Amino acid sequence: MNDYIFNLEKEFQAYLPEGYYTFIGPAHQELLGDFTSVVNLVAPANNIARTINNTLSNKKAVKQVLSALYHDAELKVYVVEGDSPYGLVYTTVEEYCERADIQFRSLSS
């Protein structure tokens, strides 16, 4: 796996408002359902209720699933826009930057 995407995610943290977080996942969004399900199985349970937000914010579990199942897949950084009672509300970093008028370094690897 390319370290570029992990560095990009780390650098982007400064642009996130309170309650937002990022995760790395397959670039092909049709794979995200299976990806999030596997991460949910791999991430350790904690004292609070297990939610997709808790598991996707577990960087170790996400990296473990990516390296095991998606090591050759194109990856993207996604921004999760806080907790929502309607499920996971996310967008790509590129879309988020465009919508929020954020000038972030080159997003191409």
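The values are calculated or read from the model by the stated rules, or taken from the named source; none is laboratory data. As the structure is a prediction and not an experimental result, all values here were calculated from the model. No Cβ is skipped: glycine too gets one built from the backbone with ideal geometry, and neighbour counts run over all protein chains shown. For the accessible areas, the whole protein counts, side chains as well, though only heavy atoms, and no ligand, DNA or RNA atoms are used. Shrake-Rupley method; radii C 1.70, N 1.55, O 1.52, S 1.80 Å.
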request  = Starting from the range 1-21, keep only residues that are under 21 Å from LEU88 (Cβ atoms) and open to solvent by 70 Å² or more (accessible area, probe 1.4 Å), then list their pairs with residues that are among the aliphatic types (A, V, I, L, M) and assigned to a loop (DSSP other than H, G, I, E, B) whose Cβ atoms are within a distance under 6 Å, requiring at least 6 positions of separation or different chains.
outcome  = TYR15/ILE102
request  = Count, please, the residues in the range 40-63 that happen to be in contact with a helix residue (DSSP H, G or I) (Cβ under 6 Å, 6 or more places away or on another chain) and modelled with pLDDT of 90 or more.
outcome  = 2
Residues that are within 16 Å of GLN13 (Cβ to Cβ) and open to solvent by 40 Å² or more (accessible area, probe 1.4 Å), drawn from the range 77-93 = GLU81, TYR90
request  = Scan the range 80-95 and give yes if some residue there is at pLDDT below 90, of a type in the set (A, V, I, L, M) and touching a Gly at 6+ places or on another chain (Cβ under 8 Å), otherwise no.
outcome  = yes
